[in-house]
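Heads up, the thing below is written out as structure tokens.
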Amino acid sequence: MNQATRSTPLFVDTNALVAVFNEDDAHHEAATDILDGIGTGEYAYGPLYTSRYVLSETATTLLYGIGHAEAVEALATVRDTPSINLIDVDPERFDRTVTQFERYDDQSISFIDHMNATLADEFDISHIFAFDSDFATLGLTRVPVDTGDV
């Protein structure tokens, strides 16, 4: 299946990227299966989106989890992958994230997760490639957790 026939845009979160690049991650197999399935057309997700904030968080997590070389490799791989669109976070998008973060004062959801949700909303994305439950709270459908893919 080519990019033009894909029907469901997908935001890619930090924990999915970490799982792809860290073979010891508990979600490694599921994460690589999802990416492979997107590549072969088994899963009709696309286009793919993420932000530089997610890449920053990914690099930091990989740096402290498995090493500098692996973090550098992950950054290069994601940045060089033409099917992943990097969303810039301008001051207005940042401010919308701050507002949402402030509203969820009864939740312990990271600022970056709130940013992912506000970006997804802006780009009319309802699905996120992620494993943590915060995104269900934020109204997103998690791939593969909620969809049963893999």
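Among the residues of the range 124-137, write down those that are over 14 Å from the mean Cα position of the chain (by Cα) and either at pLDDT 95 or above or of a type in the set (Lys, Arg) (or both).
Scanning the range 124-137 gives a single hit, Asp124.
Given the structure, is Leu62 of a type in the set (A, V, I, L, M, F, W, C), assigned to a helix (DSSP H, G or I) and either more than 22 Å from Glu29 (Cβ to Cβ) or in contact with a Gly (Cβ under 8 Å, 6 or more places away or on another chain) (or both)? It would help to see each step written out before you state the result.
Working: of a type in the set (A, V, I, L, M, F, W, C): yes; assigned to a helix (DSSP H, G or I): yes; either more than 22 Å from Glu29 (Cβ to Cβ) or in contact with a Gly (Cβ under 8 Å, 6 or more places away or on another chain) (or both): no.
No.
Hey, can you tell me all the residues within the range 120-150 that are surrounded by fewer than 22 Cβ atoms within 10 Å (Cβ to Cβ), of a type in the set (A, V, I, L, M) and closer than 18 Å to Ile84 by Cα?
Ile125
Restricting to the range 31-49, give me the number of residues that are surrounded by fewer than 20 Cβ atoms within 10 Å (Cβ to Cβ) and either farther than 20 Å from Ser7 by Cβ or aromatic (Phe, Trp, Tyr) (or both).
1
Looking at Thr97, Thr77, which is the one that is closer than 22 Å to Pro9 by Cα, free of Cβ contacts under 8 Å to residues at least 24 places away in the same chain and surrounded by 13 or more Cβ atoms within 10 Å (Cβ to Cβ)?
Numbers: Thr77 fails: free of Cβ contacts under 8 Å to residues at least 24 places away in the same chain.
Result: Thr97 is the single residue among Thr97, Thr77 that is closer than 22 Å to Pro9 by Cα, free of Cβ contacts under 8 Å to residues at least 24 places away in the same chain and surrounded by 13 or more Cβ atoms within 10 Å (Cβ to Cβ).
The values are calculated or read from the model by the stated rules, or taken from the named source; none is laboratory data. Given the structure is predicted, the values throughout are model-derived calculations rather than measurements. All Cβ positions, even for glycine, are placed from backbone atoms using ideal geometry, and neighbour counts span all protein chains on display.
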